[in-house]
Amino acid sequence: MANLILILGDQLTTDISALNGAEPGRDRIVMAEVHEEASYTNHHKKKLVLLFSAMRHFAERLRDSSWEVHYQAYHPDNPHQSLEDVIAKQIRETGAERLITTECGEWRLHAQIEQWHKRLDIPVEIRGDDRFIATKQEFADWAEGRKQLRMEFFYREMRRKTGLLMSPENGPEGGQWNFDADNRKKWSGKPPAPAPFRVEPDAITRDVIHLVDEHFDDHFGTTDDFHFAVTPEDADAALEHFIDFALPCFGDFQDAISDSEDWLFHSTLSPYINCGLLDPLAVCKAAAQAWYAGRAPINAVEGFIRQILGWREFVRGIYWLHMPEYAQENRLGNSRALPWFYWTGETRMRCMHKAIDATRRNAYAHHIQRLMVTGNFALLAGVKPEDICDWYLAVYADAYDWVELPNVLGMVMHADGGYLGSKPYAASGKYIHRMSDHCANCHYNVNKSTEDDACPFNALYWHFIDRHRDDFAGNPRMGMMYRNWDKQNPDKRTALLRRAEYLLENLEEL
Ligand code: FAD
Ligand code: SF4
């Protein structure tokens with residue numbers, strides 16, 4: 001036995017760098033469902049089912065291709081409940097000369113693996129993860145010397161690097177880098193949103209559902225109606241489904257929120273891209289191809305590609321550039337605990353109830369629900385970054401520290417002082433009313449701000465603006481908000497602040 005090759009639950013592709021140069025008759029692959037990884041946060045039950053089932057399918061595929069795979073299935077009585085314990089046992093059993101792995105997506109585990117060569121007394125080779133389009137070093141070189149990082153400029157670099165949506169003259173296709181201005185339509189039911197792509201659970205998935213229901217009963221969410229893809233073929237079919245039925249309207253309704261539709265025109269591909277079932281570059285190429293073939297408009301295709309080539313790569317770059325200090329940031333000095341209704345969905349705020357309930361059922365909510373509903377509320381309410389980050393890490397099937405943390409701590413909570421985003425995405429109920437049909441079904445009245453039945457987002461918004469004057473009054477993108485606030489009648493301002501204070505003291509009652 002020459003090498004042990006550790007493959008983690010979000011590295012489920014035969015193209016993973018840890019397998020480069022490996023040989024089936026010589027090396028042994030190790031995969032493990034361990035308690036430590038499955039329970040360091042309150043992972044949604046559907047996320048556990050997705051990962052355990054996709055891991056089991058992947059191990060089967062490797063065995064079918066003559067690989068020797070040591071696979072530890074989850075059992076609460078397993079004596080080896082951390083990856084380190086599993087590897088240590090494998091080293092003892094096989095006398096392997098070396099451990100090879102691909103860098104993981106989390107500082108916590110990365111710090112552990114970096115110590116294994118000492119703790120396990122074996123050479124450990126940690127290879128770069130070339131599923132990402134930019135290496136960590138490329139991002140660090142780009143970021144060097146910049147006080148604030150702006151995704152848009154990094155995204156253009158990535159367009160140039162990959163040639164995606166670049167014309168033969170090397171300019172952006174369609175004559176613009178960014179078509180975001182076209183992507184802000186409200187959705188009022190037409191055209192109808194496509195049904196989500198579904199895969200019926202096979203025997204392996206049904207076993208895992210049973211296991212998760214039995215041993216992770218106290219975790220968030222439900223396994224009911226599990227319909228995720230767990231193989232690359234099914235994930236490819238999900239991509240095709242998206243391109244055929246949702247991509248043409250993705251751009252128009254990218255920012256829309258609906259009271260009746262959970263998925264709208266979003267791809268719902270992030271769980272697959274993040275765990276290795278889909279390759280991000282291949283996904284972008286498939287979308288670009290749809291534009292060249294006239295199957296989807298440029299605002300949809302560019303908008304979609306920007307999310308992956310731009311935002312996804314950008315947040316990953318920031319994570320690795322600034323961890324572990326980044327996780328401690330709290331520049332707005334927030335100290336409020338996360339309201340309990342984030343875990344139950346039991347609130348009379350219709351928009352919050354709908355976003356949390358969809359999250360509980362699906363382990364999914366689309367970007368605008370995450371950013372402008374649950375995220376916006378946490379920002380306005382001054383929730384501790386640590387609490388809200390833990391929540392986002394737990395509740396979504398696509399959540400991994402490298403992508404969740406910058407999105408929540410930086411984009412939503414502005415806790416990094418504006419390093420990731422130039423202004424906080426704070427908004428009153430007016431924004432949610434403009435982009436959704438929730439307010440018509442809500443206990444609260446979006447047109448009121450100080451009365452008992454007034455939309456809580458309204459007073460909380462002005463309280464946020466008022467209490468953070470020192471942080472934002474000098475921000476050119478916030479100046480208008482401060483002018484609007486200062487122009488309001490002093491009695492109205494007092495009433496708004498009083499109403500907000502009451503709400504902040506009684507968050508659990510909302
Ligand atoms: P689509 O809307 O179809 O977008 C296409 C793809 O673009 C996604 O699949 C995803 O791979 C990528 N993408 C889009 N926006 C982002 C972004 N801001 N950062 C990184 N990738 C992006 N995404 C995660 O993958 N994991 C997370 O844990 C996560 N946490 C988030 C927390 C908050 C508070 C916010 C505001 C965003 C978060 N995102 C996260 C980003 C984004 O919301 C999800 O990627 C997206 O909702 C996934 O659904 P989709 O596949 O239907 O995306
Ligand atoms: Fe949300 Fe306010 Fe609208 Fe109710 S009225 S749905 S709380 S924005």
Notebook entry, point to check: Can you spot a residue in the stretch 419-436 that is among the basic types (K, R) and within 16 Å of ligand 1 (Cβ to nearest atom)?
Noted result: yes
Notebook entry, point to check: Which number in (1) of a type outside the set (D, E); (2) crowded, with 22+ Cβ neighbours inside 10 Å; (3) within 16 Å of ligand 2 (Cβ to nearest atom); (4) not in a loop (DSSP other than H, G, I, E, B) marks the one condition that H433 misses?
Noted result: (2)
Notebook entry, point to check: Restricting attention to the stretch 261-286, and to residues there that are aromatic (F, W, Y) and crowded, with 24+ Cβ neighbours inside 10 Å, which single residue is farthest from ligand 2 (Cβ to nearest atom)?
Noted result: Y272
Notebook entry, point to check: Which is over 19 Å from D471 (Cβ atoms) and within 15 Å of ligand 1 (Cβ to nearest atom), of D357, D387?
Noted result: D387
Margin query: So the check is Cβ under 9 Å with 6+ separation or different chains; which pairs have a first residue in the stretch 390-403 that's on the phi > 0 side of the Ramachandran plot and within 16 Å of ligand 2 (Cβ to nearest atom) and a second one that's part of a helix (DSSP H, G or I) and of a type in the set (G, A, S)?
Written below: none
Note to self: Go through (1) among the aliphatic types (A, V, I, L, M); (2) farther than 15 Å from R331 by Cα; (3) in contact (Cβ under 8 Å) with a residue 24 or more places away in the chain for V446 and report which single condition fails.
What the structure shows: (3)
Note to self: Criterion first (touching an Asp or Glu at 6+ places or on another chain (Cβ under 8 Å), within 11 Å of ligand 1 (Cβ to nearest atom) and in contact (Cβ under 8 Å) with a residue 24 or more places away in the chain) does Y364 satisfy it?
What the structure shows: yes
Check: Where in the stretch 226-307 are there helices (runs of 4 or more DSSP H), lying wholly inside it, with at least 1 residues that are free of Cβ contacts under 8 Å to residues at least 12 places away in the same chain?
Finding: 232-245, 280-292
Margin query: Suppose we keep only residues that are of a type in the set (A, V, I, L, M) and either surrounded by fewer than 20 Cβ atoms within 10 Å (Cβ to Cβ) or without any contact (Cβ under 8 Å) to a residue 40 or more places away in the chain (or both) within the stretch 333-351. Which one would you say is nearest to ligand 1 (Cβ to nearest atom)?
Written below: L338
Check: Taking the stretch 188-203 on its own, how many of its residues are buried (at least 17 other Cβ atoms within 10 Å of the Cβ) and over 23 Å from the mean Cα position of the chain (by Cα)?
Finding: 1
Checklist line | Failed criterion for G410 (all others in (1) part of a helix (DSSP H, G or I); (2) of a type outside the set (K, R); (3) under 31 Å from the mean Cα position of the chain (by Cα); (4) over 29 Å from D252 (Cα atoms) hold) | finding: (4)
Note to self: Just to be sure I understand, how many residues within the stretch 148-167 are free of Cβ contacts under 8 Å to residues at least 60 places away in the same chain, under 12 Å from W311 (Cα atoms) and of a type in the set (D, E, K, R)?
What the structure shows: 1
Check: What pairs come up if the first residue lies in the stretch 404-426 and is without any contact (Cβ under 8 Å) to a residue 24 or more places away in the chain and closer than 15 Å to P324 by Cα, the second is within 12 Å of ligand 1 (Cβ to nearest atom) and not in a helix (DSSP H, G or I), and their beta carbons are under 8 Å apart, counting only those six or more places apart or on different chains?
Finding: E404/Y396
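Working only within the stretch 289-306, note down all residues that are farther than 15 Å from A134 by Cβ and either within 13 Å of ligand 1 (Cβ to nearest atom) or buried (at least 19 other Cβ atoms within 10 Å of the Cβ) (or both).
In the first step, residues of the stretch 289-306 are kept if they are farther than 15 Å from A134 by Cβ; the result is 289-304.
A290, W291, A296, P297, N299, A300, V301, E302, G303, F304 - these are the residues of the stretch 289-306 that are farther than 15 Å from A134 by Cβ and either within 13 Å of ligand 1 (Cβ to nearest atom) or buried (at least 19 other Cβ atoms within 10 Å of the Cβ) (or both).
Residue by residue, here is whether (1) in contact (Cβ under 8 Å) with a residue 40 or more places away in the chain; (2) buried (at least 19 other Cβ atoms within 10 Å of the Cβ); (3) hydroxyl-bearing (S, T, Y) holds:
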residue: E36; (1), (2), (3): yes, no, no
residue: S39; (1), (2), (3): yes, no, yes
residue: L50; (1), (2), (3): yes, yes, no
residue: R63; (1), (2), (3): no, no, no
residue: V69; (1), (2), (3): yes, no, no
residue: Q81; (1), (2), (3): yes, yes, no
residue: E84; (1), (2), (3): no, no, no
residue: Q115; (1), (2), (3): no, no, no
residue: K118; (1), (2), (3): no, no, no
Next item on the list: Return the total of residues in the stretch 436-474 being near ligand 2 (Cβ under 9 Å from one of its atoms), of a type in the set (A, V, I, L, M, F, W, C), assigned to a helix (DSSP H, G or I) and surrounded by fewer than 22 Cβ atoms within 10 Å (Cβ to Cβ).
Entry: 2
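Condition check ((1) under 18 Å from E152 (Cβ atoms); (2) within 16 Å of ligand 2 (Cβ to nearest atom); (3) not assigned by TED's automatic domain parsing to the domain that holds N183) across all residues:
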residue: E313; (1), (2), (3): yes, no, no
residue: I318; (1), (2), (3): yes, no, no
residue: Q328; (1), (2), (3): no, no, yes
residue: R331; (1), (2), (3): no, no, yes
residue: R348; (1), (2), (3): no, yes, yes
Margin query: Yes or no: the stretch 414-430 includes at least one residue that is near ligand 2 (Cβ under 9 Å from one of its atoms), in the same structural domain as G345 (by TED's automatic domain parsing), at pLDDT 95 or above and among the hydroxyl-bearing types (S, T, Y).
Written below: yes
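The values are calculated or read from the model by the stated rules, or taken from the named source; none is laboratory data. The shown structure was predicted, so the numbers you read here are calculated from the model rather than taken from an experiment. A quick note on method: Cβ atoms are made from the backbone with ideal geometry, for glycine too, and the neighbour counts reach across all protein chains shown.
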